[in-house]
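One structure below.
Each value in this text was obtained by applying a stated rule to the coordinates, not by laboratory testing. All values derive from a computational prediction rather than experimental measurement. Using ideal geometry, Cβ is built from the backbone for each residue, glycine included, and neighbour counts are taken over all protein chains shown.
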Amino acid sequence: MKERIRQLHSHRIFSLLFWLIAIFAAIVMMPNTSDMIQSKGQPQLANDSQPMVARSMQSTWGRNISGTSQVTVVFSNPNGKLTTTQQSNIDKTVQRLTEKQKTYGIQSIQTMTTNPTAKSQFYSKDGSTETIQLALAQNQGDSRVLAKQLRSQIRTAGLSTYLTSPELVNDAANENISHVTTFAAILGFILSLLIIGVIFKSLIAPLISTLSMLMMYAVSLSLVNNLASHTSFPYSEYLPLLTLLLTLILGTLGFYYLFNAFKENAAAGQDPAEATTHSVHAIRNFLLILGCTLTILFASFYAFSFSTIRAMSSLAIVTIVTIIGLYTIAPIFMQLLGERFFWPAADLPTRPHRFWNWMASFGLWQPFVAIIAVLYVVGPFAILYRDNLNFSAAKTVAPNNEAISGMRVLNAHFGEGKATPVTIYVRSKDRVDNEKALLQLDNLTTKLKSMPGVAGVTSLTQPNGQPMNQYYVNTQLNQMNTSLRGATDQLSTLQSDLKSNRSDLSQVKLSESADKLDSLVSKTTTLADDTSTVRSQVSQVAGRASVSQSSSASKRVRNYQRLLNLVSNQLQTVASNMRVLNDEATTAGNDGQAVQSSVSDYASQVSSVQSSLKKTTTSLNGLIKSYNSIYSYLSALQASDAAKTYYITPEQLTSMQFQQSLASNTSQDYKTTQLQIYLKNSASSHNNAATIQQLQSEVKTQLQGTALSNAKIAYTGQPVVQNTVEHAIKTNAGWLLLTIGIITFLIIAILSGSVLQPIYWLTSLALAVMGGVQLAELTSHFMSGDPTFNWQVPFIAFVPLLIISMSLLIQLAISYRFKEVSLLDWLQPGVSSLGQTLRYQLFTMVIICLVLFSANFAPLTQAGLVILFATIIFDIILPIIVTSVGKLTVTLPTMRPHLKRHAK
């Protein structure tokens, strides 16, 4: 039994069984990669970031839209204004959606009919485009399926219809990435056949290597997907692609070294088992060092909090799987086939890598000239490197995508920022449906509208994006002035009548005067009731005026109120006397027998009434003057800037118009409200970051010392999300590069046994990468017209560059460490010996770049350009830097005595 086990082990049957089980389990248990990209691909923001805080506020909003996602339905007539028939068709579509709300999980439908106070937000100024807002429940299953069903439901005769939202655009980008990854995997494995086939002139070897890499890729991807699916481990939309690139590049390089060693051992006459064992041993140390280095570097990414960077730490698992696969899969077939493994190989004479030999000779010939030449050619590109990244997913989606088309229509007819507004949530401890809170919200709205970069703002107090005049003091003062002027005219008329009545108190005139007095008493009472409102309004605006204006306003209103109360009492007395006098006159006229006694009482009453009328006339004269004075003051105050203050009366608070705005812009408990900020630029603009920072600063300043000073503020929207991602990248980028640099330096320094030389080598790499990025940006700008790079491009390019550079530097460090001659004698042969390996590495990178270019996907094309230029530059300048700096390291110290002698 032991002998049988030993034979199985010697024939590597256990390795074959292990990989068969592993690949079967990987395929069976692997989560769908497309679903993973869709559900977990977007950057996972920190819980304390603004968009996440805003999401928590929105989840408690109530009104049946908590935790929903918003989508916009766009109806557009490309031929002009919407016709009556088209408008009727839109109404039918809305009705159809209303009837199927439960079917599609539609929690809310907002239209210009349901929000008449915000009509301009749903209907374009040119009259050609109308929108409706749908709030969709997030538990409706596959969002792509739901979006497809909704698109079929919104089709309207005679109109172009679109379903769009930032989430739909992001999902379209993720779908593109999923398709591109599948395409790249198919093409990559096909071209990997070409790489090994061309190098070894064989048909069997490339098949074995490609099959092995397919197994390694499947197992790695399954492990990565399951790790993210069953734990809280972060995931990135490009992680499957990075897994593919790592497997292809590291696998191809590893198989090249392995097959090359096996070919040499087989040519030396060793039997297949012995040749296989010796071949594995020959590359063991190098692959182990390279694998450990990459594993440590990728694992260090877990120390960073940003999810996209942390997700790349799972590439450490991919590295381990690939290294194990290199040691165990191909050797099974190598031992089985022997020399037939390279059938039908044709031995071609190997030639030294002349280019690297020339570069090494140039560096040795004139070290200073060589270094200056490198700095002159590459330095400007590296020094002029600039951060030119864009964070918009819209640029990675085809222009004919419906979500993108809908966004373009919105931007064209409503403004650039219409499709991607910034939402500011304000959560107060108290209700915001009161005059104090509303005043501050309106002041904030007005202030934000005046900021540069802001096209418009809608809020609770300005739901249509424009001030509602009836809620401002100047409009209310105008109404009060009209009432005062009318009352003044009536008082003047009554004053004239009373003067005539004092001399002629006939029964008819007494009755008429009594009626007028009753009417005036009623009007006076009404004016007295309105006095408190006037005082409140004047106090509001006076607070924004000067101290003298405030004092004058208060004094005049108080005098007006006292005089008004006095006149009211006198008018009531006169009216009562008039009624008594009128009754007695009537009785006296009808009862002739009592004339003598009645005349005496009548005369006495007339005298009393005349006295009262005289006093009343005097009071009326003073009241008219006071009215005129107050009218003049309020007219001047109405025309001033101080009167442009928001003030809503208790009656207006309960009006239907304001209640509609409350329902749309406040939470169910009335403690949270929202402001929609429409920027002048689209979400992809670089100017938005500065605008958002100014918004945050202005909101904080505007609310200080107000009724909302303790309110919790949160910002969200696509521009804010992009700004948050950008801030996270910039915050972590420096530390990430420092971490990579330190780890790489330590490993290379330990391997080489030197401190200075690794610094020079890594400097060459840094120059090559920065120069490559700059050249790639210039090339991309020339080809596409877009001067920016997608923010994921550096991460995509990082993996291939790291593998190639570390492979080369590790070989260089090992050669430097174990050199058997002096440094000067080692430089040219030691550097030139790596040229042959470099030739095949460069060939591999060119094929990988072709895979990326063939995908016809902007981020991959840009990453391919970075990889290609950086690799070429590094391969050119590394031999120059190594030889020139190496020679100077030896020659400069020996020149000091020589210089001292000449100094004497």
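Can you give the extra length, in nm with one decimal, that the chain gains between Asn64 and Thr763 once fully stretched, where that is 0.36 nm per residue apart less the Cα-Cα distance?
245.7 nm
In nm, to one decimal, how far is the Val145 label point from the Ser108 one, both placed 7 Å along Cα→Cβ?
For the pair Val145/Ser108, the computed spacing is 2.7 nm.
Counting Lys +1, Arg +1, Asp -1, Glu -1, what net charge surrounds Gln704 among other residues with beta carbon under 14 Å of its beta carbon?
With Lys, Arg at +1 and Asp, Glu at -1, the net is +1.
Kindly list the residues of region 840-883 that lie in the label zone of Gln366, defined by a backbone N under 17 Å from the point 7 Å along the Cα-to-C-beta vector.
Residues passing the 17 Å test: 880-881, 883.
Taking R0 as 56 Å, what's the FRET efficiency between Asp271 and Arg817 from their Cβ-Cβ distance, rounded to 0.05? It would help to have the intermediate numbers written out before the result.
Values: r = 33 Å, r/R0 = 0.59.
Calculated transfer efficiency: 0.95.
Between Leu337 and Lys680, what's the calculated FRET efficiency when r is the beta-carbon distance and R0 is 56 Å? Round to 0.05. The partial results should precede the final answer.
Numbers: r = 68 Å, r/R0 = 1.21.
Once the sixth-power term is evaluated, E becomes 0.25.
Given H placed 1.01 Å from N in the peptide plane, which residues other than close sequence neighbours of Thr423 have an amide H under 5 Å from its amide H?
Long-range HN contacts for Thr423: Ile677, Thr716, Gly717.
Which Cα, out of Ala137, Ser56, Asn89, lies furthest along the positive dipole direction of region 50-171 (beta carbon charges, K/R +1, D/E -1)?
Asn89
Can you list the HN-Hα couplings for region 738-749, worked out from phi with the Karplus curve (6.51, -1.76, 1.60; θ = phi - 60°), rounded to whole Hz and with x for Gly and Pro?
Running phi through 6.51 cos²θ - 1.76 cosθ + 1.60 with θ = phi - 60° gives 5, 4, 4, x, 5, 4, 5, 4, 4, 5, 5, 5 Hz.
Round to a whole angstrom and tell me the spacing of the C-alpha centers of region 85-148 and region 853-885.
Rounded to whole Å, the Cα centres lie 50 Å apart.
Holding the Cα-Cα limit at 24 Å, pick out from Lys447/Lys671; Lys119/Lys712; Lys201/Lys819; Lys436/Lys671; Lys119/Lys395 the pairs that are longer than that.
Numbers: Lys447/Lys671 22 Å; Lys119/Lys712 29 Å; Lys201/Lys819 33 Å; Lys436/Lys671 13 Å; Lys119/Lys395 31 Å.
In this structure, Lys119/Lys712; Lys201/Lys819; Lys119/Lys395 exceed 24 Å between Cα atoms.
Can you figure out the FRET efficiency of Asp430 with Met52, using R₀ = 30 Å and their beta-carbon distance, to the nearest 0.05?
On the way: r = 25 Å, r/R0 = 0.83.
That pair, Asp430 with Met52, gives E of 0.75.
With just the Cα atoms defining each centre, how far is region 778-794 from region 655-673? Give it in Å.
Answer, in whole Å: 46.
Could you tell me the distance between the Cα centroids of region 407-421 and region 441-458, to the nearest Å?
After rounding, the separation between the Cα centres reads 18 Å.
Name the long-range amide H neighbours of Tyr472: under 5 Å, sequence gap of 5 or more, or other chain; modelled H, no Pro or chain starts.
Placed amide hydrogens put Tyr647 under 5 Å from Tyr472.
Name the long-range amide H neighbours of Gln107: under 5 Å, sequence gap of 5 or more, or other chain; modelled H, no Pro or chain starts.
Ala135, Leu136, Ala137
Taking θ as phi - 60°, what are the ³J(HN,Hα) couplings along region 68-77 by the Karplus curve (6.51, -1.76, 1.60), each to the nearest whole Hz, with x for Gly and Pro?
Whole-Hz 3J(HN,Hα) from phi for region 68-77: 9, 10, 9, 10, 10, 9, 10, 10, 9, 9.
Starting from the 7 Å offset along Cα-to-Cβ, what nm value, one decimal, do you get for the label separation of Leu193 and Tyr376?
Those two pseudo-labels are separated by 4.9 nm.
Please give, to one decimal in nm, the separation of the simple spin-label points placed at Trp735 and Tyr302, each 7 Å out from Cα toward the Cβ.
Inter-label distance under the simple model: 1.7 nm.
Each residue of region 150-167 in turn: what ³J(HN,Hα) in whole Hz from Karplus with 6.51, -1.76, 1.60 and θ = phi - 60°, glycine and Pro shown as x?
Here the 3J(HN,Hα) series is 5, 4, 6, 7, 8, 4, 10, 4, x, 10, 8, 10, 9, 10, 9, 5, x, 5 Hz.
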